[in-house]
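The next block holds one structure in the form of structure tokens; read it before the comments.
Values quoted throughout were computed directly from the atomic coordinates according to the rules given, and no laboratory measurement underlies them. All of these numbers come straight from a predicted model, not from anything done at the bench. Here the Cβ positions follow ideal geometry from the backbone for every residue, glycine too, while neighbour counts run over all protein chains shown.
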Amino acid sequence: EEMTEEERKFQARVDANEKIEPKDWMPDDYRATLIRQIGQHAHSEIVGQLPEGNWITRAPTLERKAILLAKVQDEAGHGLYLYCAAETLGVSRDELTEDLLSGKMKYSSIFNYPTLTWADIGAVGWLVDGAAIMNQVPLQRTSFGPYSRAMIRICKEESFHQRQGYDIMMKMARGTEAQKRMAQDAINRLWYPSLMMFGPSDKESVHSGQSMAWRIKINTNDELRQKFVDQTVPQAEYLGLTIPDENLKWNEERGHYDFSEPDWKEFFDVLKGNGPCNTDRLTARQEAWSDGKWVRDAMLAHARKKAAAKVA
Ligand code: ACO
């Protein structure tokens with residue numbers, strides 16, 4: 001397909017690593033792709049509070065509880081930055097929320113898995129936030145200005161989350177036999193769902209080609225998944241825990257670990273709404289939205305009253 005003059009100029013700016021800002025001209029599909037990805041990302045931060053919030057009341061010590069509270073609050077902040085970045089593209093936060101609640105928009109597959117034990121909170125920090133950073137560090141260089149700037153702060157906080165998760169794992173792995181078993185069980189259940197966070201294999205990824213040409217994405221899904229495995233295996237070894245993959249092996253020739261792909265059928269099932277917690281997660285968000293209606297109404301009424309007073 002022939003590019004128009006505007007599209008050619010736009011692509012040249014992207015190729016020169018210039019940031020695209022909200023008021024600049026951009027192709028409709030660039031805008032739509034960003035709304036989809038940033039919106040999905042924001043929803044993931046918000047829904048991602050649920051599996052962790054589940055353990056705030058049961059954190060084993062006051063210190064762990066304070067840390068977990070801070071982390072869950074960070075996730076709320078990340079969601080809000082990202083909704084703001086999406087709003088600069090001409091979509092409202094209410095529209096995005098409605099699309100999440102109706103099932104039209106997605107959030108990360110990982111948050112449809114339960115957190116059954118305290119060790120899961122460690123594994124979520126270590127593996128899930130570890131995977132999130134692996135994906136988000138390159139996004140600091142994404143072509144859309146507001147998204148790239150949001151990523152800078154988010155990545156700083158996200159790396160603290162990863163460290164706190166690893167710290168929990170270290171405590172568990174060096175604890176009693178029962179604690180060690182719990183830590184191993186958490187890896188066993190969360191390893192493959194963490195690999196799925198990077199999205200389908202490059203062969204199945206619908207959007208990667210165009211998104212990389214526009215520098216909305218900087219790496220392919222498989223590239224980042226491989227980097228994550230390479231980074232995480234030595235960390236598991238240091239903990240003395242086993243990654244549940246018999247095919248996991250250092251490949252001298254490639255300079256990477258060989259590993260088993262996750263069960264992609266399970267991934268697509270979870271995306272269709274059939275994961276273990278999809279219904280719970282959406283119900284919790286629907287309740288939060290309807291329970292919060294009086295607050296939104298009251299704030300709007302107050303803002304209108306103040307604006308009217310200013311005019312008078
Ligand atoms: N969970 C849910 N849906 C996913 C996932 C996932 N882990 N991976 C891919 N998908 C969806 C895509 O949204 C797309 O569906 P759609 O067309 O209906 O929107 C479909 O699967 C095909 O995948 P791709 O073509 O590879 O999609 P894309 O190019 O958007 O790549 C990726 C997916 C890598 C997740 C990308 O969107 C991205 O980098 N997003 C920003 C990071 C992010 O959202 N992180 C959230 C989790 S981390 C956290 O919140 C703590």
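Observations on the model:
- Matching entry among Ser159, Ser208 (being polar (S, T, N, Q) and either in contact (Cβ under 8 Å) with a residue 60 or more places away in the chain or under 17 Å from Ser108 (Cβ atoms) (or both)): Ser208
- Qualifying residue in segment 151-165 (condition: within 19 Å of Ile20 (Cα to Cα) and either surrounded by 17 or more Cβ atoms within 10 Å (Cβ to Cβ) or among the β-branched types (Val, Ile, Thr) (or both)): yes
- Those helices (runs of 4 or more DSSP H) lying entirely in segment 1-117 with at least 3 residues under 25 Å from Lys156 (Cβ atoms) and charged (D, E, K, R): 62-87
- Elements of type helices (runs of 4 or more DSSP H) contained in segment 197-293, each with 2 or more residues being surrounded by 17 or more Cβ atoms within 10 Å (Cβ to Cβ) and within 14 Å of the ligand (Cβ to nearest atom): 208-213, 221-239, 278-291
Residue-wise test of (1) of a type in the set (A, V, I, L, M, F, W, C); (2) within 19 Å of Glu237 (Cα to Cα).
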| residue | (1), (2) |
| --- | --- |
| Asn135 | no, no |
| Gln140 | no, no |
| Ile152 | yes, no |
| Lys156 | no, no |
| Phe160 | yes, no |
| Ile168 | yes, yes |
| Ala183 | yes, yes |
| Ile187 | yes, yes |
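- Of the residues making up segment 254-268, not a single one is within 25 Å of Tyr147 (Cα to Cα) and of a type in the set (Ser, Thr, Tyr).
- Among residues of segment 68-124, those that are away from the ligand (no atom under 16 Å from the Cβ) and buried (at least 22 other Cβ atoms within 10 Å of the Cβ), counted: 1
- Residues in segment 31-44 include at least one that is among the charged types (D, E, K, R) and within 16 Å of the ligand (Cβ to nearest atom).
- Filtered by the rule that a residue be closer than 28 Å to Glu7 by Cα and either of a type in the set (Asp, Glu) or more than 22 Å from the chain's Cα centre (by Cα) (or both), segment 29-69 gives a lone residue, Asp29.
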